[in-house]
Structures are given as C-alpha cells and as structure tokens.
1. Of the numbered conditions (1) within 39 Å of the chain's Cα centre (by Cα); (2) closer than 19 Å to residue 697 by Cβ, residue 581 satisfies every one except a single condition; which is it?
2. Scan (1) over 30 Å from residue 798 (Cα atoms); (2) assigned by TED's automatic domain parsing to the domain that holds residue 791; (3) assigned to a helix (DSSP H, G or I) for the single condition residue 733 breaks and write down its number.
3. If the requirement is being over 27 Å from residue 317 (Cα atoms), touching a strand residue (DSSP E or B) at 6+ places or on another chain (Cβ under 9 Å), outside the structural domain of residue 665 (by TED's automatic domain parsing) and in contact (Cβ under 8 Å) with a residue 12 or more places away in the chain, which of these qualifies: 799, 825, 870?
4. Taking residue 647, is it part of a helix (DSSP H, G or I) and closer than 29 Å to residue 705 by Cβ?
5. Inside the stretch 851-905, counting only strands (runs of 3 or more DSSP E) that do not spill past its ends, which hold 1 or more residues that are over 21 Å from the mean Cα position of the chain (by Cα) and buried (at least 17 other Cβ atoms within 10 Å of the Cβ)?
6. Residue check: is residue 609 in the same structural domain as residue 651 (by TED's automatic domain parsing) and modelled with pLDDT of 95 or more?
C-alpha cells in the first residue's frame, strides 16, 4: 500500500494543524469583506422559527381539529421545530388518539356505485382537473360567493388549485364521514405571509391544515393514484387489443370500456386464439351489459391510457357530462382510416419530401398531386388531428414555406383558407366543423349517408289499433310555431267549466304508432332498422347551416299535426286547472289528469308565434273569430298563472338578454353558399310563454304519471349545486327577486351563471328544480327527441294493457347513448354558433382593423387573464389579457370598455382581447 494512505502516528496534532491552516487561509481570503452583524441571537431566531411554524402549521391544524368537536387532543405534527432534544419523529396518524372515522383511507380496490354520480358534487369528491391531468385532487371547499365562484382543490402534496366546475373532467364520489363534512375549516386564511397559496391577490393567501392532508386527503388520493399508475402499462396494452375488436362501435360508454379493460384476461387475449377470445368476450359483455360498481383506479388508468392513445389516432374525443362531472363516452376511431393511415402516410410524407415539393414555388398549381397534404389541412381545420404533434409540425412547416402565410400563427381558420385556395370551387368548405365525425352528418360520415338512404326508402304504414282512440271532433287545436318549423309535433286546446276551472288538452304527434313495437311485444328496437337509427341519432340536429332529422321525413309528414280537416293521431294529455284571478296563480287539479290516444282535426290556421302575439296584444277588434281570440287569451292567462306558480316554487326564469345574438344564415338558393350572417334578439313573447308553460305542464304530469305508477321512463332532471353560505344567500336573493317580478339582467346572469348546474337525462324519477317540478319526463317532442319516443312507446303498451316495451335495465343501457348524443349536439351547436359569430366579427375587423369593443367580465381574473363576453352576441365568448402593470381588477359582471381583439380563430373558437 502506498505511504500516502498511511495514518500519521500523532493524528490529533495533524488534524489541529489542518484546522488552523484552513482558518488562516479563510481569514486571508475574506480580509477585505465587510463584517455582518446578526441582530438576533441564535435563541431568538429559533424562537421566531417555532412561532412561525406554529402559526403556519400547528394553528390551522388545531383550528380544523377543534371544529370537529373532538375531546381528545390533536396529534402532534411530525418534524416540527421543538426545544426538545429528542430526535425521534412520529407521524400524526401513529400518535393520534382521535376517533377512527377521522382517518379515512379507501381500500386498495376502491369502488363506487354508478348511481352515486347523481349525488351533488361535494367536498371530499376526488377529481381530475383540466389544469393538471396527471394528479388527483380532492374538493376541499365549495364556491363562497358570486364574486369568486371557484371551488378549491388539493392534491396529496397539499398543493391548492382554485378552479370552476368546468375544470372537472372526471369525478369519483368519495363520501367523507358526516362529522368531517360538518367542519368549515378545510381551507383557512394564512396567519403569516410566505407559505399560503394566493387566491385573488398576494394579500389573500390560504393554507391547508397539515393534519387534514395527512389524515384524510393524502391517504385517499395516494391509494387510488398509485394503483392507477401501477395498472397503466397493462391497461395501455389491453386498450390496443380491444380497439381492434370494437370497430363496429362508433362510441362506447367509458364505464363499459373500463369494465372491459378490467375483466379482459391478458394471457388469453395474447394467446394464439386471442382474436377469437376477445371477440367473444366483447359480444358476451354487450349482451350482459349492466355496470353498477366501478373500480376507481382502473377507471383512472383507462382515462389516462385513452388520453395517451389519442395521439396515435386510436380514440377520438372524450365526451363529458357537465351535470355528472364525468366522461360519458369515448369515440372509437376506425383502425384503417385513422391509425393505419397516419402510421403509413406521415413517414411517407417525410421520406419523399412532399412538403418541400408542395411549397417549392409558393402555392402549387397542381395541388391534386398532394392528396395527403390536402387531407391534413382539411383534418386540421375540422379539429380532428390537433392531438398529433407530428401533424401539427407538418402544418407549421407548410405555413413557414409559403410567403402569404409564414407571418401568421398556424390556426384552423388559415388551414381552411389555404385548403379552399387549393381545391376547385365545388369542393370548397365554408364550415369545417361540420366534418366532425362525432356530429355524424352525411357529408362527413359514410355511415350516416347509408342511413339517409334507408330513411328515403321508408314508407310509414299504420300499425296500431285505432279503435280505442278518443275523437276530439270539432275541438279547436292551436299548433303555434315558427313558419320555418321542420316538424309540428304539438297543439293545445281549451274547454271551459264553471268557477274559473278550465280543461287543458296538450295534443302530441304520435309517430310511435307507425312502428310494430308499439303494440307487439315480440318486436324490439334491434329488429327495427328505423328505430335503431333514430336511437343512434337520439335528437334532430339543429345547426345554423344544417338540419339532420331524427326520423325519416315521410314519417314526420305523416305524423305532423296542423293538417286542417284531416284526422291526425295524437297522444293527448288533459287536466283541469283552477285560475286564481286575484294573484294570477294556477292550481293544477291532479286527480283529473288523463292520458289518451286521440284524433284531432280542427286545426286553426295561421298560428305562428307572431300571429298569436298580434291577437294577444291587440285590445281592439282584430277581425278574427271571437272564439279563437277567447281561447288564446284564456290559455295565455292560465300560462301566466302557471308561470307565476312555478316562480313561487323557486323556478328560475331569465331575462330575454340571455338569448341575444341568435344566428340566422342567408344562403344562395342555387349553390347553398352562405351569403349573409344575421342576428336577432331572442325575445320571449307572450305566445312563447303560452306554448312553453303548457308543454312544461304536460311533461311534469307525464313524469308524475310514470313515477307514481312505477313505469320505467326517461326523465329530464336538474339538481341545484351545493354552495358556500354567502353564495347560497346570493342565490336565494335572486329567487326572492324573481318572486317580486325582478328577472336577473345579463350582468346578474353572468355573476351567478357559475352557480347553476346543467340538466341531464336519467332513468330514475328525480326533480327538475330549475323548472320547479317534482318529476319531468319529456313527452312533447317525439319527432325530434328519442327520450320522448321511448316514453310514448311505454304509454302505448300501458293503454293497450300489454307488457311494457322497455325494462329499467333497457332504459339504463339506452340512456348512455342518449346522454352522449345530447352532450355532442350541445357542444357542436355551441361551437358552430360561435364560429359564425366570430366570422361576423372577423368581417367587421377586415373593414375596421382598429375597431374597439366593450366586453363584460365573466370570471375571476387569474394570472392576468379573465374570461369575458360581448353582450350583444351570446356566443362571442373569449379572454381579456391584462397588461402586467395594470393594477385594475374588474369583478364578474363589470364592463371593460375600448378593448382590442388581438387574436381570433373562428374554427378554433378563439377570441382574445387586450385593453387598448
């Protein structure tokens, strides 16, 4: 061994010498530095540190613990500064003498019942947030006021996020013990600066009690999250295998897909006979499809895996329910035309330098030589490939190589513009959003195109027994609608009794009577091609530039009401009502309610909304039939009374301002090209009140009929949100003002809109609190809503005393499709209405680039950005970006004047303002 590794005999002297040398060298190097004096002694610093720790950690935890009314002392926090010389550190849970219910740890295989999704969103629920999809959060605080309607969320590390309900993409109901939910101190103002999370300003930080995180939040989140991460690699493999065998489906409920993932035997699926096993496995699962219990970790892992595989074009959009705060379903992309196509085409584009050749001399004269690039532009404009980074890079490269485009940011609008420059006139696209595959319009879906051919060959034939129909004879029937209405599916009548008692009849078109399933219990939806297509569509698609009927046009014409002198079949809902003319309220005499199959034929002509308004608002002689005038004015008085009665029961009625900016497009009669974008106000007139109130009455009575007789049906329901005390007080104040006749203005609506929930379809009787009715089963539009058709078919079987068409389980399975289509159509309608609104604004900017706008703030300002809306256009929603030096903080409902548009992408629904 070398001598340099030997230890000197006089070891202590050597160490001392080394120490002296180090000190001497240090003093020589620092001789020119200024001496710093420490104002406090070590003891004082230590004391301040302990005090700060107590204020920041101990005090919030003690406050929260005491709010639980527990007699035993709170457990000590680990690793806290202490004067004790003991070095042992114990965790809070191990030293706690607290009740067992305080430590809430889910099982490793934590599950929840699917019906728990109908419970109100509450503290303790576990969520995935759009701001941070990789971590689970727990809701720890409800909205406190309309000035700040955000929820508070915390993850297992104690990080806090303040966000609106719209940020919640997936919710796992986690019922915390009642004792815990009674505490109001989940989130507390920070007693000292520097540690808490800023909510609205640096002077407004909050802290999470450490004990709450250690005992409740972290164990719950960590258990589910760690299991989900462990499952993820296996789930990714299973999803790939399942995708190949789910090509017959276009959309699948996420809970069903999660169940398939959980139950698939990977060993069998990857064996030599794997394809056959998977095929049989899926078929058996579909036949026995009924999911009640959902494994939380498997669900989270499935969601994460789908998000990853979206970039590979295996899965399309995930469709979220804002009412359930849950992903309803996911679209399944075709294997050949998506995954395999892009897997082959993208490398080929790079290998043969297509982009360089495409842009070599500017915009090419022969673009058809590059069909793949044309398709990429079309797909990008429609929003179908935004998740693929490679395609986004390719689109960017095309733009950078073209002089007319390289100075602009890549946008969907510019992709549509470039595409239209490259294709012949007949191939140009005015609205790429219509090519969304989930919207499934014939121009973008081969499947829907084939369905249209089936519809065109359909010939409606009478199938029901008509001997038991009540003939309403000469009773006047008023079918009040727009001139442009595609279907006339409802009419109303009135009969007069004594003592201010009237009989109301709501006559509804009866398309269900044209199907054998109506009165033949050996027939079901699966063996009726028209009903199968109608269920897949679920609703008539109404868009500014496109209408796709739910039912064949010939069937709609055959079932339509309004054909004067021609006996038309109906399902008629009748009830007596008593009008109190003093306070203008109405009492519905429920015991007189009847539902009957009927015939009506005496339709009153010229009954558009404007025709009826002219009669109701004309105090002079109108020249019309006095009986017609009397009927309309009597029904309007009753409708007003029904409206007042609902308001007294806490129904919510908005002002007309909420419907500003309704879009009407003017098209060229020959080419169909949109030539003008028009807007009109959505004023709710007397004729609208008359019709809507009588339809609400019929739907409410039908819901009661189904519920009280135990008949499975599809209901529309709405539940109020759980709110903090101040927010609830503000909501109640709005209800009180409504009872005084004060409807909320647009400013009020924007202030309180985040306190409203969204309605949903459900298979269980439940209230619709927005309308203020205990039950609400829609039956008034069977020509355009499949839930109404389902309820009509149930009524037919009841009246003919046959077995019901559908069991509770049948309806639950169908309801997933109904809810998903409802979400898709709402989302598509919003995006397309926004598109045309922004097109109009963009046209204004082309004429006046410096045009200024007044915007109304609709959210709390966060990180220098607030959401806003143009008051005159209900679909013109965007963001206002503040200058970092701007110290103004406008509140929700405030108007900020003279704002300039800095970014607009009509197809992307992007609208961004800055203060001028």
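The values are calculated or read from the model by the stated rules, or taken from the named source; none is laboratory data. For clarity, every value in this text was computed on a predicted model and none was experimentally measured. Using ideal geometry, Cβ is built from the backbone for each residue, glycine included, and neighbour counts are taken over all protein chains shown.
1. Against the list (1) within 39 Å of the chain's Cα centre (by Cα); (2) closer than 19 Å to residue 697 by Cβ, residue 581 comes up short only on (1).
2. Unmet for residue 733, out of (1) over 30 Å from residue 798 (Cα atoms); (2) assigned by TED's automatic domain parsing to the domain that holds residue 791; (3) assigned to a helix (DSSP H, G or I): (2).
3. Checking each option against the conditions leaves just 870.
4. yes
5. Those strands (runs of 3 or more DSSP E) span 852-857, 877-881, 895-905.
6. No; evaluated as a whole, the condition is false for this residue.
Here is a yes/no grid of residues against (1) at pLDDT below 70; (2) assigned to a loop (DSSP other than H, G, I, E, B); (3) over 18 Å from residue 216 (Cβ atoms):
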site: 7; (1), (2), (3): yes, yes, yes
site: 12; (1), (2), (3): yes, no, yes
site: 16; (1), (2), (3): yes, no, yes
site: 36; (1), (2), (3): yes, yes, yes
site: 45; (1), (2), (3): no, no, yes
site: 51; (1), (2), (3): no, no, yes
site: 55; (1), (2), (3): no, no, yes
site: 66; (1), (2), (3): no, no, no
site: 71; (1), (2), (3): no, yes, yes
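Table: residues versus (1) outside the structural domain of residue 481 (by TED's automatic domain parsing); (2) within 27 Å of residue 539 (Cα to Cα); (3) assigned to a loop (DSSP other than H, G, I, E, B).
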{"residue": "729", "(1), (2), (3)": "yes, no, no"}
{"residue": "764", "(1), (2), (3)": "no, yes, yes"}
{"residue": "789", "(1), (2), (3)": "no, yes, no"}
{"residue": "793", "(1), (2), (3)": "no, yes, no"}
